[in-house]
Amino acid sequence: MTLPPGLRAAYEATDYRVFSDPPLVLRPGEASPGCDALLDRHDAARGVVITAWNPMSVATAEPENRAAQARLAAGIAAMGLAAIPAEGAGRDGLWPPEPSLFVPGLSPEAAQRLARDFRQAAVLEITRGGAARVVATDFG
């Protein structure tokens, strides 16, 4: 899927806050030494921020969002991976923060599968030493 320019711009103007110890803020296009250290602690070369909230970027009722997020967390746990609480918050403040998860070690294939399963238009991925980037979901 190619993200419409306005949607891509919104995702790229988002702060992805990871509630680790210490907490991190990931921004598309920027590297994060703090994230590198977090990935090292999890013996992972990459990490992904993913959510189940607001499928296809359409506002959804909170009970549905919470239930979907619980299913996402359970699916990640079933893979034997850590899921660190996170949130995506637009820097313009126009969209409420979306509860998310930062998953160290989640493969690109698994990230795409989960994004498809939970109807997410994109995820944020970061590799150790690299810049965070918005990756559109392949619904092919």
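The values are calculated or read from the model by the stated rules, or taken from the named source; none is laboratory data. No experiment lies behind these values; they were computed from the predicted model shown. Virtual Cβ from ideal backbone geometry, glycine too; neighbours counted across all protein chains shown.
Yes or no, residue by residue, for (1) farther than 16 Å from Ala115 by Cβ; (2) in contact (Cβ under 8 Å) with a residue 60 or more places away in the chain; (3) part of a helix (DSSP H, G or I):
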residue: Val25; (1), (2), (3): yes, no, no
residue: Val48; (1), (2), (3): no, yes, no
residue: Trp53; (1), (2), (3): no, no, no
residue: Gln69; (1), (2), (3): no, no, yes
residue: Gly80; (1), (2), (3): yes, no, no
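What is the one condition in (1) within 24 Å of Gly6 (Cα to Cα); (2) of a type outside the set (A, V, I, L, M); (3) surrounded by 15 or more Cβ atoms within 10 Å (Cβ to Cβ); (4) more than 14 Å from the chain's Cα centre (by Cα) that Thr51 does not satisfy?
Against the list (1) within 24 Å of Gly6 (Cα to Cα); (2) of a type outside the set (A, V, I, L, M); (3) surrounded by 15 or more Cβ atoms within 10 Å (Cβ to Cβ); (4) more than 14 Å from the chain's Cα centre (by Cα), Thr51 comes up short only on (4).
Filter the stretch 1-23 down to the residues that are over 16 Å from Gly90 (Cβ atoms) and touching a residue at least 60 places away in the same chain (Cβ under 8 Å), then identify the one that is surrounded by the fewest Cβ atoms within 10 Å (Cβ to Cβ).
Thr2
Does the stretch 114-122 contain any residue that is among the hydrophobic types (A, V, I, L, M, F, W, C), assigned to a helix (DSSP H, G or I) and surrounded by 15 or more Cβ atoms within 10 Å (Cβ to Cβ)?
yes
So that you can scan it fast, the table gives a plain yes or no per residue for (1) in a strand (DSSP E or B); (2) modelled with pLDDT under 95; (3) out of contact with any Asp or Glu (no Cβ under 7 Å at 6 or more places or on another chain):
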| residue | (1), (2), (3) |
| --- | --- |
| Asn65 | no, no, yes |
| Ala73 | no, no, yes |
| Ala89 | yes, no, no |
| Pro96 | no, yes, yes |
| Pro99 | yes, no, no |
| Leu106 | no, no, yes |
| Glu109 | no, no, yes |
| Ile126 | yes, no, yes |
| Asp138 | no, yes, yes |
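Go through the stretch 91-113 and give me each residue that's surrounded by fewer than 20 Cβ atoms within 10 Å (Cβ to Cβ) and of a type in the set (Phe, Trp, Tyr).
Trp95
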